[in-house]
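Take a look at the structure set out below.
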Amino acid sequence: MNPCLICHEPQLKVFYEGPVRTGSFGKQSNFHATITECPRCGARHLPPMVADLAAYYQSGEYRNDLEQGNAVEKYFELTDDDQPHKLELLGMHEARGRMVADIGCGAGPFLDLVKGFAAGTIGVEPNAAYHESLRQRGHTCYPYARDALAEWQGKVDLAVSFSVLEHVEKPREFLAEIKALLKPGGRLLISTPNADDFLLEICPAYAPFFYRKAHLWYFTERALRELAIRAGFGECRVVHRHRYDLANALLWLRDRRPTGLGALKLDARLEAAWKSGLEAAGRGDYLYAFLS
């Protein structure tokens, strides 16, 4: 067993053994995967299940695994409605008049949202299927953050990276490369699934759905803070969010499968208490971290 890639702890422990999701909802692999946990930093790791990880994302195979394809308009259809929430969390003032980079931007819906008031926009995206469209819409485009360093090192005011960290092979190096793009005082906002998701504790059937072929890393708040420090950031403010209603949890317990949002009509006050309670306890399904 290899040492932890984040903190170099040599003695990792097996945290989970079993099936993992391979793509779209409900698709599982035909073999059992092993996920380890580092006792020092708390990060959980699934070794890559594809031989060439870079080619997996550059070629668009990842999106084909999700059964979503690589068409730009399809990407917008699936992700446009998520973007205002991200901007609300960030604050419009953080991007106004600033140079903004989105690391792992996909087809660029967040960049489209801020382009009208940001000083400039940079899209970093390995999937070449989106590059022409990104440039046509006025975004400077690179495959990886390291490719942008020659022109933009120390020049970016704000970087964001939504739901990307869990995919990368070396998360510490990934964050360090983004940090190199930032101006002194620049900020990075990242998001990733929460490995302390309450549903993992109360519903064992949820684990094979939560753990995924494409997600190599699973972070708790503690693990995310440790990673940020080791990547060279001095501050890490974590915000917890829970995106799913109480009905989703109840139906997971009953049916042991995903049912989506709104499957049961429950009182709005109960739903609000469910979400706010999980967020306050750090047990929601998603983490957002502001790094500087």
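The values are calculated or read from the model by the stated rules, or taken from the named source; none is laboratory data. Quick caveat: nothing in here was measured; it's all calculated off a predicted structure. All Cβ positions, glycine included, derive from the backbone under ideal geometry; neighbour counts span all protein chains shown.
For the reader, a short list of remarks on this structure follows.
- Qualifying residue in region 111-128 (condition: surrounded by fewer than 22 Cβ atoms within 10 Å (Cβ to Cβ), aromatic (Phe, Trp, Tyr) and in contact (Cβ under 8 Å) with a residue 24 or more places away in the chain): yes
- The residues listed here are Leu182, Leu165, Leu134, Leu175; of these, the one that is surrounded by 21 or more Cβ atoms within 10 Å (Cβ to Cβ), modelled with pLDDT of 95 or more and out of contact with any helix residue (DSSP H, G or I) (no Cβ under 9 Å at 6 or more places or on another chain) is Leu182.
- Pick from region 240-257, criterion surrounded by fewer than 18 Cβ atoms within 10 Å (Cβ to Cβ) and within 20 Å of the chain's Cα centre (by Cα), ranking: nearest to Leu175 (Cα to Cα): Arg241
- Asp52 among the acidic types (Asp, Glu) and under 26 Å from Leu227 (Cα atoms): yes
- Qualifying positions in region 258-292 - hydrophobic (A, V, I, L, M, F, W, C), under 20 Å from Lys86 (Cβ atoms) and either over 17 Å from the mean Cα position of the chain (by Cα) or surrounded by fewer than 17 Cβ atoms within 10 Å (Cβ to Cβ) (or both): Leu261, Leu278
- Screening region 1-100 for helices (runs of 4 or more DSSP H) wholly inside it with 2 or more residues that are under 28 Å from Leu182 (Cα atoms) and within 17 Å of the chain's Cα centre (by Cα) returns the ranges 53-58, 72-79, 83-90.
- Scanning region 101-114 for residues that are within 17 Å of Glu73 (Cα to Cα), in a helix (DSSP H, G or I) and not aromatic (Phe, Trp, Tyr) yields Pro109, Leu111, Asp112, Leu113.
- Cβ-Cβ contacts under 8 Å between residues 6 or more apart (or on different chains), taken from a first residue in region 275-292 that is among the aromatic types (Phe, Trp, Tyr) to a second residue that is in a helix (DSSP H, G or I) and at pLDDT 95 or above, are listed as Tyr288/Leu89.
- Only listed residue being in a helix (DSSP H, G or I), acidic (Asp, Glu), under 21 Å from the mean Cα position of the chain (by Cα) and on the phi < 0 side of the Ramachandran plot, chosen from Glu151, Glu177, Glu132, Glu169: Glu177
- Residues (in contact with a Gly (Cβ under 8 Å, 6 or more places away or on another chain) and either farther than 25 Å from Tyr288 by Cβ or outside any helix (DSSP H, G or I) (or both)) located in region 244-257: Asp245, Arg257
- Total residues in region 196-239, condition surrounded by fewer than 20 Cβ atoms within 10 Å (Cβ to Cβ) and in a strand (DSSP E or B): 4
- Scanning region 150-162 for residues that are of a type in the set (A, V, I, L, M) and crowded, with 16+ Cβ neighbours inside 10 Å yields Val156, Leu158, Ala159, Val160.
- Pair list, Cβ < 6 Å and 6+ apart or interchain, from region 191-206 residues that are modelled with pLDDT of 95 or more to residues that are in a helix (DSSP H, G or I) and not hydrophobic (A, V, I, L, M, F, W, C): Thr192/Glu166; Leu199/Tyr206; Leu200/Tyr206
- The residues listed here are Arg212, Arg254; of these, the one that is free of Cβ contacts under 8 Å to residues at least 24 places away in the same chain and at negative phi is Arg254.
- Check on Gly106, among the small types (Gly, Ala, Ser) and free of Cβ contacts under 8 Å to residues at least 24 places away in the same chain: no
- Counting the residues of region 258-290 that are part of a loop (DSSP other than H, G, I, E, B) and either over 19 Å from His240 (Cβ atoms) or at pLDDT 95 or above (or both) gives 13.
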